[in-house]
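First the structure, in the form of structure tokens, and then the observations on it.
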Amino acid sequence: MEARGLTRIYSRGNEEIRALDGVSLTIRRGEFVSFMGPSGSGKTTLVNLLGCLENPSTGELELAGKKIFGTGQALGERALTRIRREMFGYIFQNFYLIPTLTVRENVALPLAFYRKPRVEGEADRLLQMLGMGHRMNHLPGQISGGEMQRVAIARALVNCPEILLADEPTGNLDTKRSGEIGEILRNLNRNAGLTIVMVTHNPDLARLGGRLIEMRDGKAFEG
Ligand SMILES: Nc1ncnc2c1ncn2[C@@H]1O[C@H](COP(=O)(O)OP(=O)(O)O)[C@@H](O)[C@H]1O
Ligand SMILES: [Mg+2]
């Protein structure tokens with residue numbers, strides 16, 4: 001994907017906040033890119049734009065050679081929804097599991113919701129792969145934080161995305177669990193060729209990727 005001059009301005013009262021200030025970067029298929037930077041530096045805003053979850057104020061975004069945002073873009077909300085579900089998996093600091101559904105049901109939910117041809121057993125396969133085979137019928141409230149993030153990863157993968165976006169995926173986990181999640185992400189990148197775009201405050205985690213980008217005041221610095 002290619003971002004050119006991505007800028008996002010929020011207004012708060014009559015104050016303008018330049019959350020993102022002209023970020024240009026290219027992320028190639030199969031890369032594992034980490035973003036670090038102080039709180040408020042625009043990391044979440046950037047990954048949300050890269051993941052087509054928000055629109056930029058100005059600037060362009062191209063995905064697999066297709067213009068998503070920018071001059072002359074004609075993508076409506078339907079097309080955006082389709083791109084989100086077919087190209088991306090998302091994981092977040094707070095997991096966002098549905099508390100009344102079992103682990104298995106949480107993971108299978110996107111299959112039903114998006115009406116993709118249901119791949120029988122895909123949720124189970126992913127949960128097994130992530131070491132959660134013995135927890136499939138548990139509710140989220142009955143498992144640990146590290147386990148919840150594994151479930152969220154399985155859910156993010158169930159639609160076979162090309163790109164995984166992870167916004168502080170270990171922000172709520174201790175060092176040991178963070179390391180385990182990091183290991184899972186690295187294996188998904190290395191073995192399954194998944195492109196990973198991750199925000200983290202954890203330097204050990206950031207080093208797992210081949211590429212580190214620093215955010216400061218809405219700008220991206222590399223190398
Ligand atoms: N919805 C919003 N409305 C107003 N300001 C926002 C909104 N989202 C983010 N901001 C502001 O944009 C800046 C960047 O935020 P964010 O991208 O969340 O940074 P980070 O993820 O690096 O902590 C901050 O100053 C934040 O307060
Ligand atoms: Mg953030």
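Checking SER24 against (1) of a type in the set (Ser, Thr, Tyr); (2) in a loop (DSSP other than H, G, I, E, B); (3) open to solvent by 30 Å² or more (accessible area, probe 1.4 Å), which single condition isn't satisfied?
Only one criterion is unmet by SER24, namely (2).
Might you let me know whether the range 83-99 holds any residue that is in contact with a Lys or Arg (Cβ under 7 Å, 6 or more places away or on another chain), part of a strand (DSSP E or B), within 16 Å of ligand 1 (Cβ to nearest atom) and in contact (Cβ under 8 Å) with a residue 24 or more places away in the chain?
Within the range 83-99, not a single residue is in contact with a Lys or Arg (Cβ under 7 Å, 6 or more places away or on another chain), part of a strand (DSSP E or B), within 16 Å of ligand 1 (Cβ to nearest atom) and in contact (Cβ under 8 Å) with a residue 24 or more places away in the chain.
Quick grid of which residues meet (1) open to solvent by 40 Å² or more (accessible area, probe 1.4 Å); (2) at negative phi:
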site	(1), (2)
PHE69	no, yes
ILE98	yes, yes
GLU105	yes, yes
LEU130	no, yes
CYS160	yes, no
LEU165	no, yes
GLY182	no, yes
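Could you tell me whether ALA19 is surrounded by 14 or more Cβ atoms within 10 Å (Cβ to Cβ) and either within 15 Å of the chain's Cα centre (by Cα) or within 16 Å of ligand 2 (Cβ to nearest atom) (or both)?
Taking the combined requirement at face value, the residue satisfies it.
Please specify each residue of the range 121-172 satisfying the condition of being part of a loop (DSSP other than H, G, I, E, B) and over 17 Å from the mean Cα position of the chain (by Cα).
GLY121, LEU130, GLY131, MET132, MET136, ASN137, HIS138, LEU139, ILE143, SER144
The values are calculated or read from the model by the stated rules, or taken from the named source; none is laboratory data. Values in this document were obtained by computation on a predicted structure and should not be read as measured data. For neighbour counting, all protein chains shown are included, and Cβ atoms are generated from backbone atoms with ideal geometry for every residue, glycine included. For the accessible areas, the whole protein counts, side chains as well, though only heavy atoms, and no ligand, DNA or RNA atoms are used. Shrake-Rupley method; radii C 1.70, N 1.55, O 1.52, S 1.80 Å.
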